[in-house]
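Worksheet: the structure to be examined is printed underneath.
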Amino acid sequence: MRGTILDTPVEYLKGVGPSRAQMLKEELNVTYFADLLQVFPFRYIDRTIFHRICDINSDMNIVQVKAKILQIQLSGSGRGMRLSVIAGDETGTLELIWFQGIRWAKAKLKQGKEYIIYGKPAYFNGRYNIAHPELEEVTGEAGSTVLKMQPVYNSSEKMKAHGLDSKGIARTIQTLIQTVYYEIQETLPISLLQRFRLIDRRDAYLGIHFPQNEIHLHQATRRLKFEELFFIQLEFIRQKLHRQASSRGHHFPRVGESFNRFYNEVLPFPLTGAQKRVIREIRTDLSGGHQMNRLLQGDVGSGKTMVALFCMLIAIDNGFQACLLAPTEILANQHFQTLKKWADQIGVNIALLTGSIKQSARSPILRNLASGELQIIVGTHAILEDPVVFKQLGLVVIDEQHRFGVEQRAAMWRKSVPPPHILVMTATPIPRTMAMAFYGDLDYSVIDELPPGRKPVTTRHFTDSARLRVFSFMRQEIAKGRQVYVVFPLIYESESLDLKDIQDGFEAISREFPLPEYAVSIVHGQLKSDEKEYEMKRFVKGETQIMVATTVIEVGVDVPNASVMVIENAERFGLSQLHQLRGRVGRGADQSYCILMTKDKISTEARQRIDTMVRTTDGFEIAEADLQIRGPGDLKGTRQSGAIELHIADITTDGRVIEAARQSAIDILAIDPELLLPEHRALHDRLVELTSVQRNWSKIS
Ligand code: ADP
Ligand code: MG
């Protein structure tokens with residue numbers, strides 16, 4: 001800890017005391033002065049601009065008026081209770097409505113007094129109204145001369161009850177800034193401040209809470225965003241350099257026999273430029289003597305498996321074993337089938353290890369892994385279990401990273417000393433900014449090119465009322481010899497309810513596509529794995545034309561003859577899942593189709609997702625859209641991979657700041673890796689402080 005006044009518990013700030021301190025702790029997670037400084041306003045009221053009531057129209061998102069309360073009326077009772085208030089200025093009247101917090105609002109309002117009223121107007125019954133407006137009494141002393149931009153802070157009913165409404169918080173923070181202003185130390189070197197024209201840190205905290213004007217606010221925001229992102233990147237890069245300098249990795253200098261034989265004699269198609277580039281990037285890593293930690297992104301169907309195979313062959317050519325981990329048995333199985341076909345042709349020993357492999361088959365596999373006879377093992381997390389011992393594990397490839405957490409990565413590390421090289425592959429395209437913000441410690445490769453000859457999948461949206469048309473389209477495609485997936489979401493908490501959904505769907509489709517002309521497969525999570533496998537195989541072999549499934553088929557399944565993907569209740573799926581599912585078709589040379597079925601009425605967000613899917617097949621565009629629609633918070637995998645909570649920066653919009661911050665961190669550490677130079681003293685201290693104080697920083701690995 002710093003041992004400065006900023007470490008003082010907030011209770012000791014003038015005007016706070018134990019009970020408000022308790023509130024701040026519970027509601028905002030604020031303990032010390034320094035924490036309170038980081039509670040930023042979510043917007044500002046420009047108190048100099050007011051609308052006249054007669055100027056309000058339906059296109060306005062937000063209005064601010066100065067009006068007198070003319071009438072206060074309570075109506076209804078219990079849950080139906082509402083408070084209706086008429087307010088007026090010299091140009092007209094406006095209704096203010098409360099459905100909640102009625103008691104609190106009523107206590108605050110005084111008839112005949114003038115208020116500043118702020119909120120979103122709506123037109124109803126011949127008059128404009130604002131539901132749950134923000135209100136502030138016009139008192140003589142406050143006003144535009146004091147503060148042009150007034151900060152607005154998030155508050156809760158509980159906080160308000162303790163005098164910590166937005167204004168109360170503002171007052172408290174004002175006291176805080178007055179108390180600590182000269183204790184706020186600069187953390188960034190002057191060179192960065194100059195280069196990016198950043199204002200100093202004191203001024204930034206003042207400006208974010210109490211800006212003098214728009215420009216001041218903008219500068220303050222920019223400075224604080226940069227600082228936040230910069231320290232994250234500094235830590236990422238520092239750790240990466242540290243690992244490169246200290247952690248020895250297996251050294252794979254050779255590209256030998258099996259790599260070359262496969263490349264020259266077996267490879268059934270030319271590699272794409274992107275595949276070649278990525279293989280080169282990985283080769284460089286593997287021959288450098290340091291442990292590799294690389295994230296490989298490539299859209300569905302971009303050929304990641306092939307890249308993985310080449311990397312595994314490099315390990316083998318250097319006398320090591322390799323392992324490919326998949327998130328589901330079906331996928332592990334399919335990888336195994338694909339790889340075995342190729343491995344056999346070049347005399348490489350490969351086996352499959354999953355939870356459902358019987359004990360009798362298991363023992364020889366374990367034995368051969370320990371003796372080193374087995375060169376590639378493909379499997380699920382079953383491989384992570386303790387009895388699995390390798391002779392010389394050199395490389396681990398993890399497919400579909402979001403299903404594996406940091407802990408599983410760590411479990412793989414322990415299988416070998418020094419730890420094996422790790423290649424994490426994901427088809428969930430992560431926008432570059434996101435990758436840098438959250439996986440900044442991993443190296444990063446992208447396959448940004450699909451193999452030639454693929455036709456983009458045509459995507460259409462239908463509502464349930466068009467079901468018959470969809471059936472007849474399916475019939476048409478099947479008549480051409482194609483196959484069809486029909487996918488149901490997992491909706492309910494209870495598996496049996498989900499099961500009912502898909503069972504009903506299966507029956508309806510079986511009625512519509514009866515035997516003997518048609519055959520329909522069904523696969524879902526409740527089936528035993530040999531049943532699942534049996535059904536999958538029938539579909540793969542073309543014995544059934546339709547596969548009714550839950551999202552168990554989401555990842556990796558490869559049936560080039562399937563040309564139609566029907567997604568039921570498509571409004572229930574997230575964008576990345578829809579994209580993954582669509583990637584199951586369009587693998588052959590035929591034109592493929594994705595049909596999104598929804599109810600007639602869907603939410604705005606669902607509508608945006610569906611429209612995005614219909615508009616584009618570009619995975620990165622979809623990932624960006626996903627980020628825009630729902631924000632980064634719940635993007636799969638970020639949590640478990642060491643995601644960092646951001647106070648002020650926003651990775652959906654601050655991509656350029658992230659890049660600048662990252663590059664600056666790289667430049668500084670290149671000159672001064674331990675941050676020992678006098679001009680980096682503040683950086684060093686701040687980093688130590690952040691990594692020791694902030695809980696979530698310790699997760700960066
Ligand atoms: P993903 O990146 O989604 O895992 P896969 O590795 O499953 O993609 O590859 C999708 C399909 O494309 C497979 O059938 C694979 O054999 C094929 N493929 C991979 N690379 C190429 C290439 N360079 N040219 C043509 N087809 C390729
Ligand atoms: Mg794959």
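The values are calculated or read from the model by the stated rules, or taken from the named source; none is laboratory data. Computed from a predicted structure; not experimentally measured. Reconstructed Cβ throughout: ideal geometry from the backbone, glycine too, with neighbour counts over all protein chains shown.
Would you mind finding the one in Ala315, Ala308, Ala274 that is under 30 Å from Lys341 (Cα atoms), within 16 Å of ligand 1 (Cβ to nearest atom), modelled with pLDDT of 90 or more and crowded, with 21+ Cβ neighbours inside 10 Å?
The match here is Ala308.
Mind checking which residues of the stretch 111-137 are of a type in the set (S, T, N, Q) and surrounded by 17 or more Cβ atoms within 10 Å (Cβ to Cβ)?
Scanning the stretch 111-137 gives a single hit, Asn129.
Cβ-Cβ under 6 Å, sequence separation 6+ or interchain: first residue in the stretch 267-291 and closer than 17 Å to Met312 by Cβ, partner aromatic (Phe, Trp, Tyr) and away from ligand 1 (no atom under 16 Å from the Cβ). Which pairs?
Listed pairs, sorted by first residue: Leu286/Phe252; Ser287/Phe252.
Taking the residues in the stretch 388-417 that are modelled with pLDDT of 80 or more and farther than 12 Å from Asn293 by Cα as candidates, determine which candidate is nearest to ligand 1 (Cβ to nearest atom).
Asp399
Within the stretch 503-546, restricting attention to residues that are assigned to a strand (DSSP E or B) and at pLDDT 95 or above, which residue is surrounded by the fewest Cβ atoms within 10 Å (Cβ to Cβ)?
Val520
From the list Gln291, Gln297, Gln359, Gln337, which one is more than 23 Å from Tyr263 (Cβ to Cβ), at pLDDT below 95 and within 16 Å of ligand 1 (Cβ to nearest atom)?
Gln297
Take Met474 and tell me if it is surrounded by 19 or more Cβ atoms within 10 Å (Cβ to Cβ) and either out of contact with any strand residue (DSSP E or B) (no Cβ under 8 Å at 6 or more places or on another chain) or modelled with pLDDT under 90 (or both).
no
What number goes with the only condition from (1) surrounded by fewer than 20 Cβ atoms within 10 Å (Cβ to Cβ); (2) in a helix (DSSP H, G or I) that Val255 does not pass?
Failing condition for Val255: (2).
Could you run through the stretch 415-445 and say how many residues are over 30 Å from Ala382 (Cβ atoms) and either among the acidic types (Asp, Glu) or touching a Pro at 6+ places or on another chain (Cβ under 9 Å) (or both)?
Final tally of qualifying residues: 2.
Are any residues in the stretch 418-436 surrounded by fewer than 24 Cβ atoms within 10 Å (Cβ to Cβ) and away from ligand 1 (no atom under 16 Å from the Cβ), and if so, which ones?
Pro418, Pro419, Ile422, Pro431, Arg432, Thr433, Met434, Ala435, Met436
Given the condition touching a strand residue (DSSP E or B) at 6+ places or on another chain (Cβ under 8 Å), assigned by TED's automatic domain parsing to the domain that holds Tyr123, without any contact (Cβ under 8 Å) to a residue 12 or more places away in the chain and exposed (fewer than 15 other Cβ atoms within 10 Å of the Cβ), answer yes or no: does some residue in the stretch 93-103 qualify?
Looking through the stretch 93-103, none of the residues is touching a strand residue (DSSP E or B) at 6+ places or on another chain (Cβ under 8 Å), assigned by TED's automatic domain parsing to the domain that holds Tyr123, without any contact (Cβ under 8 Å) to a residue 12 or more places away in the chain and exposed (fewer than 15 other Cβ atoms within 10 Å of the Cβ).
Please give the number of the condition Tyr115 fails out of (1) touching an Asp or Glu at 6+ places or on another chain (Cβ under 6 Å); (2) not in a strand (DSSP E or B).
Only one criterion is unmet by Tyr115, namely (2).
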